[in-house]
Amino acid sequence: MLSMARSCAVIGLEGALIEIEVDVSPGLPQFLVVGLPDAAVNEARERVRSAIKNSGCLFPMKRLVVNLAPADLRKEGPSFDLPMAVAILYANQNIVPANETGDLSEYLFLGELSLDGSVRHTNGILPMVALAREKNIQAVFVPAIDAREAALVDGIMVYPVEKLSQLVAHLNGEERIEPYAYDASLLARASEGAYAQDMAAVRGQEHVKRALEVAASGGHNILLSGPPGSGKTLLARSTPSILPRTTIEEALDVTRIYSVSGMLPTDLPLVLQRPFRAPHHTISHAGLVGGGRLPRPGEISLSHRGVLFLDELPEFGQNVLEVLRQPLEDKVVTISRAQGTITYPANFMLVAAMNPCPCGYLGDPIKECVCSATAIARYQKRISGPLLDRIDIHVEVPRVDYAKLADKRQVENSTTIRARVQEARERQLRRFTGSRLTCNSEMGPAEVRAFCEVDDAAERLIKAAMQQMHLSARAYHRVLKLARSIADLAGCDTIAAPYIAEAIQYRPRIGR
């Protein structure tokens, strides 16, 4: 007998519909899986066989062929266990669907099986359920532990399954599984959880805090340079606490990435806080941008809509740093392999930190630098000019003196700064209504011409800066976008000369 059940695979961050076809025919007992399966799918034969037997059902002792269609799409992972078991039981007439159609075409099945028939967690539930809604599938059966994640997708029935026997009884109309009723308040809750660091913990460095506030308001990249112990890492780790609240669309985008990567916590299936990723400088090319034999999102995609912090920037491999150029400009990363091309989102805010020289004390007023001019030049050249040109804000972080460290007075905390940043970001969202832009750093040349209106004094100032600092065309647009963010913080529609002046001072001291 021939039967069919539907499942789903994940290609990049998108789902792909898979049909599980099962043919049970007379012959010597044999269990074949075809349709370009990987090792995990091939091993599903023993898991499915044991799960069916231990669930009190009869496994057909005949020639059994399972086809995963389309056959030219590679199938990977254990998420096909449950649909394979259901299709086999349907073909063997252990399942007689108690629905109007009398078949399983209106359902989607996802889940890994244990040997005792219980259903385990599966990665990538969110994009797979989203595809089911697009394909007008009425209901999905998912592991009970993943039901909260699946219910983030509106307009589709989600049934939590704990055991294969429970699912069989439901499909036969013997014992109903209640659809998962999701608490909609989770989607409306703002990302007000506790942050690891707060700006109030940083003493002094007021000009750096101001630079970080400007960067957060417009999503700009920032480079912190200073001697060891001046607070660069603490400032960077405090940055997420001043970022604006995530919108529902942004939270779902980030959740999809973490779901595919298997990094989504089961107790909270929606990423409400903006991500903060701080990879070590020994990270590989594939670890940063994504890839591998079976491509997976890298750190730049895991920091989507959040912060990517690169501490000790010159210590990263030059090839690793240079691959950041395209994601910083295009906000996506494209990975091409012989099997195909996958595009991951990479709209992140880069926060980098570095020492000015190998010993770290170049320009320090107290401790003398011991590096030679050649060593300093070699160290600074590890970061290329084109990469520096893509960083909007360059700020020096000097050492903090004792008086500021010992000061007992209260300083401005992250909540106060975040309120100003939130107001500036809301101005930008209103300005970009009807487009896909969310902040000033995403503007292209056309948007810069449309939204970065400068007065006469500001125009004369930026013209002089172009001539004296030898700014590139990219740097010119980035100065205007940065000035637009500074004006938004001030609540001004027109970019005045003081805002241009502040934006220019954040450029590196040498012409790039």
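A few comments on the model shown:
- Spherically averaged projected area of the convex hull of Cα atoms, the stretch 107-180: 4.5 nm².
- Interatomic Cα distance distribution for the chain, bins of 10 angstrom, percent: 4, 17, 23, 20, 14, 11, 7, 3, 0
- Mean Cβ neighbour count within 10 Å, used as a protection proxy, ranking 75-88, 248-261 highest first: 75-88, 248-261
- Annotation: peptides 20-31, 142-153, ranked by per-residue average of other Cβ atoms within 10 Å with the highest first, follow the order 142-153, 20-31.
- Charges were assigned to the Cβ only: +1 to each Lys and Arg, -1 to each Asp and Glu. The resulting dipole of the stretch 443-512 about its Cα centre is roughly 500 debye.
- In plain terms, if you count all Cα to Cα distances in the stretch 2-171 and split them into 5 Å steps from zero, the share in each step is 1, 10, 20, 24, 23, 15, 6, 2, 0, 0 percent.
- Cα pair count fraction exceeding 16 Å, expressed as % - the stretch 371-454: 75
- Helical contribution to [θ] at 222 nm, DSSP H n ≥ 4, -39,500 (n - 2.57), averaged over the chain, rounded to 500: -10000 deg cm²/dmol
- R0 of 45 Å, Cβ-Cβ distance residue 319-residue 200: FRET efficiency to nearest 0.05: 0.70
- Mean shadow area of the stretch 253-292, taken as a quarter of the surface of its Cα convex hull (nm²): 3.5
- Using θ = phi - 60° and Karplus 6.51 cos²θ - 1.76 cosθ + 1.60, couplings along the stretch 381-393 (whole Hz; Gly, Pro as x): 6, 5, 10, 6, x, x, 6, 4, 5, 8, 9, 6, 10
- Couplings 3J(HN,Hα) for the stretch 496-508, derived from phi with the Karplus relation 6.51 cos²θ - 1.76 cosθ + 1.60 (θ = phi - 60°), are 9, 4, x, 6, 5, 4, 5, 5, 5, 5, 7, 6, x Hz, where x marks Gly and Pro.
- The chain: relative contact order as a whole-number percent, Cα under 8 Å and 6+ apart: 13
- Rounded D (µm²/s) - the stretch 443-512, Kirkwood Rh over Cα pairs, Stokes-Einstein at 25 °C, 0.890 mPa s: 206
- Dividing the Cα radius of gyration of the stretch 199-413 by 2.2 N^0.38 Å, with N the residue count, gives 1.09.
- Kirkwood Rh (inverse of mean 1/r, distinct Cα pairs), the stretch 226-345, angstrom: 15.5
- The phi torsions of the stretch 485-491, fed into the Karplus equation with coefficients 6.51, -1.76 and 1.60 and a -60° offset, translate into couplings of 5, 5, 5, 5, 4, 7, x Hz, rounded to whole numbers, with Gly and Pro shown as x.
- Alpha-carbon spread of the stretch 432-475, three principal axes, descending order, Å: 37, 21, 14
- Panel values: the stretch 371-512, Kirkwood radius from alpha carbon pairs, Stokes-Einstein at 4 °C and 1.567 mPa s, translational diffusion coefficient 75 µm²/s.
- Protection proxy ranking, highest mean first, for peptides 310-322, 366-378, 290-302: 290-302, 310-322, 366-378, where packing is the per-residue count of other beta-carbon atoms within 10 Å, averaged.
- The residues packed around residue 360, meaning those with a beta-carbon under 14 Å from its beta-carbon, carry a net charge of -3 if Lys and Arg are +1 and Asp and Glu are -1.
- The Cα atoms of the stretch 36-93 cover 33, 17, 16 Å along the three principal axes, with the biggest extent listed first.
- Under-5 Å amide H pairs with residue 296, H placed in peptide plane, nonlocal only: 291
- Lysine pairs with alpha-carbon atoms under 17 Å apart, the chain, spacing 8 or more or separate chains: 7
- Equivalent ellipsoid semi-axes, the stretch 324-428, via Cα gyration tensor eigenvalues times 5, rooted, Å: 34, 28, 10
Just so you know, all these numbers are worked out from the coordinates, no wet-lab data involved. Given the structure is predicted, the values throughout are model-derived calculations rather than measurements. We place every Cβ from the backbone using ideal geometry, glycine too, and count neighbours over all the protein chains shown.
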